[in-house]
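In what follows, a structure is listed as structure tokens, so that the remarks can point back to it.
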Amino acid sequence: MTITVRDAIEADLPRVAEIKVRSWEDTYAALIEPDVLRPFLDVEAQLAILRKTFRETATLLLVAEDRQGTVVGFGLTYLGRSPDPWLESLHVARASRGTGAGTALMRKAAQRLQDLGYRTLRLGVVAGNDAAARFYLRLGATNAGREPASWARGVWHEIYRWDDLSKLA
């Protein structure tokens, strides 16, 4: 499957919200309490958040498209976070997992971050999401510890970090 990565446009946001919610359903139902997870499974609420985030200048939102031009995944990075830019989300539609879309998104994000003068990147993987942890380790991240997630009480993140994005780009 041929995957291309580009900057998102506002018209992509409904599809991005749909991918995010479906991915959260698939991935986190077994890892997060239903009452904690439920608010994150509302497509309209996620779309509203994405619209607000999209308008912020310190945001990098990339989408991956298949050969037909269908958005099959996205990566959202907050540039203004300290001490490193923070990859807030990386999700690929279930039917397109294993096609290289996630890797393509990560490599393009690293390239774009470098172009903007950044050299590092961090992200949090919900504890227990072993597939995501393996993915980021395979792409050269190192495990930088564990911390509580800021967005939900009782949820923990494994923190992954690249101290040199040139190894990823």
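Summed over the range 58-110, the residues that are part of a strand (DSSP E or B) and either in contact with a helix residue (DSSP H, G or I) (Cβ under 7 Å, 6 or more places away or on another chain) or closer than 20 Å to TRP151 by Cα (or both) give a count of 21.
The rows are residues; the columns are (1) modelled with pLDDT under 95; (2) in contact with a Gly (Cβ under 8 Å, 6 or more places away or on another chain); (3) surrounded by fewer than 17 Cβ atoms within 10 Å (Cβ to Cβ).
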| position | (1), (2), (3) |
| --- | --- |
| LEU76 | no, no, no |
| LEU87 | no, yes, no |
| SER96 | no, yes, no |
| LEU113 | no, no, no |
| ARG119 | no, no, yes |
| LEU139 | no, no, yes |
| THR142 | no, no, yes |
| GLU158 | no, yes, no |
| LEU165 | no, no, no |
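Of the residues making up the range 7-58, those that are touching a Leu at 6+ places or on another chain (Cβ under 7 Å), under 20 Å from GLY102 (Cβ atoms) and either charged (D, E, K, R) or surrounded by fewer than 11 Cβ atoms within 10 Å (Cβ to Cβ) (or both) are ASP7, GLU25. Here ALA30 passes the criteria (1) in contact (Cβ under 8 Å) with a residue 60 or more places away in the chain; (2) under 17 Å from HIS91 (Cβ atoms); (3) part of a helix (DSSP H, G or I) except the one numbered (3).
The values are calculated or read from the model by the stated rules, or taken from the named source; none is laboratory data. The structure displayed is predicted, hence computed values, not measured ones. No Cβ is skipped: glycine too gets one built from the backbone with ideal geometry, and neighbour counts run over all protein chains shown.
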